[in-house]
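Asks: Pasting a structure below so you can have a look.
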Amino acid sequence: MNMKLYTLFLIMATMTILSPGPGVIMTLTNAMRGGFRSTVSGIIGLAFGIVIVAGISATGLGLVLATSALAFTVIKFVGAAYLIYLGVRLWRAPPFQFHEQAPRQASQWRRFIEGMSLQVTNPKSIFFFLSVFPQFIDPSAAYGTQFSFLVLTFSALLVVIHCIYAFFAYKAKIWLTSEKGGMVVNKVGGTTLIGFGAMLAVAKR
């Protein structure tokens, strides 16, 4: 495993997970409705959904990357353009709004299914593993081992980050529901995505 690539992967994966999206909203909602414990099964569902998305999106990528330099270059720039597009859209979007909802009862299994369903239908996750993820695969090493390790890393990061979101959600309740807080989320997230899109475009293996 190329540690330089792995470090960059950790940074990009972290910022991707941190950015506002359906999964983040679900975790915050569950935390505000029922506290930290009510978020655990949903977070595990999100992590399991990542494994499914990665498996589907990455099918055949090992062969493509090993046999076609052109395909790798195309995928690289598509991934970079996508990150920049997400960043610009997030920067220009209205303030991120989180509205607390009335409490409702839901089983742990239902929350797990909800999290998994959100993840497997999330375009951001699908595109990340289809166009950004391949940039961190070292063609000189075993594809299967790298793929499994990186996917498990992403899933573990998701669990940790969403648990942190859940833990601090109630304390940050007033800030999360304010226009200023939403604007900060957009600007920081958008700038970060644009920056990493540019880094990906110029990165060399």
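Since every read-out is calculated from the coordinates, none of them should be taken as a lab result. This structure is a prediction, so every number in the text was calculated from the model and none was measured. Glycine gets a Cβ as well: all are built from the backbone with ideal geometry, and neighbour counts include every protein chain shown.
Asks: Using Cβ counts within 10 Å as a stand-in for footprinting exposure, how do Met15, Met32, Met199 rank, fewest first? Spell out each step's value before the answer.
Replies: Working: Met15 17, Met32 21, Met199 14.
By the 10 Å Cβ count, ascending, the order reads Met199, Met15, Met32.
Asks: Tell me, what ³J(HN,Hα) does each residue in the range 131-139 have, in order and in whole Hz, if you take phi through Karplus 6.51 cos²θ - 1.76 cosθ + 1.60 with θ = phi - 60° and put x for Gly and Pro?
Replies: These are the phi-based 3J(HN,Hα) values: 10, 8, 3, x, 5, 9, 8, 7, x Hz.
Asks: Something else: If you count, for each residue, the other Cβ atoms within 10 Å and average over each peptide, how do 40-46, 126-132, 146-152 line up from highest to lowest? Intermediate values should be presented prior to the final figure.
Replies: Values: 40-46: 23.6, 126-132: 20.7, 146-152: 17.1.
Taking the mean over residues of other Cβ atoms within 10 Å, the ranking is 40-46, 126-132, 146-152.
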